[in-house]
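Below is one structure, written out as structure tokens, with a few remarks after it.
Values quoted throughout were computed directly from the atomic coordinates according to the rules given, and no laboratory measurement underlies them. What you see is a predicted model; the values in this text were computed from it and never measured. Here the Cβ positions follow ideal geometry from the backbone for every residue, glycine too, while neighbour counts run over all protein chains shown.
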Amino acid sequence: MKKRTINIWSVIVTIILLFFSYKVVKVQNIYDEIYYDSKEATGELLDRRSHLGNIKGISRTKPISFQEDNYVNVSEGYDKKYLPPTMNSLYIVNDPSKKKLVIDITYRIDSRTILYLSSRYNLKRKELKKEIYFVKSDQDESIEDPKKVKTLIDKYHISKEQLDYWYELGMKKTLLEDWCLVYPSRFSPEKLGHLKIETQWADYK
């Protein structure tokens with residue numbers, strides 16, 4: 001009987017160790033944490049909030065589209081009054097069908113022009129792409145072509161340093177710091193974990 005009890009406990013301990021080992025392998029960086037946690041909020045119970053919903057200032061959980069495989073994209077957004085004064089908006093979109101996380105930080109350049117600093121995280125490749133595009137409200141269009149984007153960057157005299165500052169203010173100083181306050185993260189805004197980062201404006205002069 002004693003031997004049987006020991007064997008049962010051995011099985012339980014092994015299962016627990018395998019579970020945590022799998023979790024460590026699966027979650028390799030802070031964006032993996034956000035993706036998997038918010039992905040669970042896109043299941044059958046649409047009112048189920050992720051930990052993002054515990055961040056002060058995030059008050060909207062919105063299913064934005066249904067996919068053919070029954071996945072749901074969900075957008076979480078900050079109320080503007082909780083953002084730094086210069087920032088226009090900050091949204092996080094989980095796209096389970098494409099295994100992608102999109103984080104958009106926006107700044108209003110003038111009354112008709114909004115600059116998007118868009119971070120697109122690919123779960124499979126463990127890759128974060130930091131991109132820029134503009135939206136012209138009077139023309140109801142987005143400007144994403146790299147050459148046209150660079151032309152507008154020069155037109156508005158926006159330096160590489162300014163882009164870095166705006167990005168850090170939104171991503172690290174706002175979203176990731178808030179995330180680490182509401183989630184028992186293994187990472188931090190300074191130590192993101194294992195991932196590759198590509199920045200569209202890295203070579204701007």
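Observations
- Magnitude of the charge dipole, the range 27-199, Cβ model with Lys/Arg +1 and Asp/Glu -1, debye to 20: 280
- The alpha-carbon of residue 205 sits under 14 angstrom from the alpha-carbons of these aspartates and glutamates, leaving out residues fewer than 8 places away in its chain: 154, 161, 164.
- The calculated P(r) of the range 132-205, using every Cα pair and 5 Å bins from 0, goes 3, 12, 19, 19, 16, 14, 10, 6, 1 in percent.
- Less than 5 angstrom separates the built amide H of residue 58 from those of 79, all sequence-distant by 5 or more or on a different chain.
- Set of lysines near residue 136 by C-alpha distance (under 17 Å), chain-local residues within fewer than 8 positions excluded: 147, 148, 150, 155
- Simple label model, 7 Å out from Cα along Cβ direction - residue 143 to residue 203, nm: 2.1
- Straight-line cross-link partners of residue 124 among the lysines, defined as a Cα under 22 Å from its Cα and at least 8 positions apart when in the same chain: 23, 26, 39, 98, 99, 100, 191, 196.
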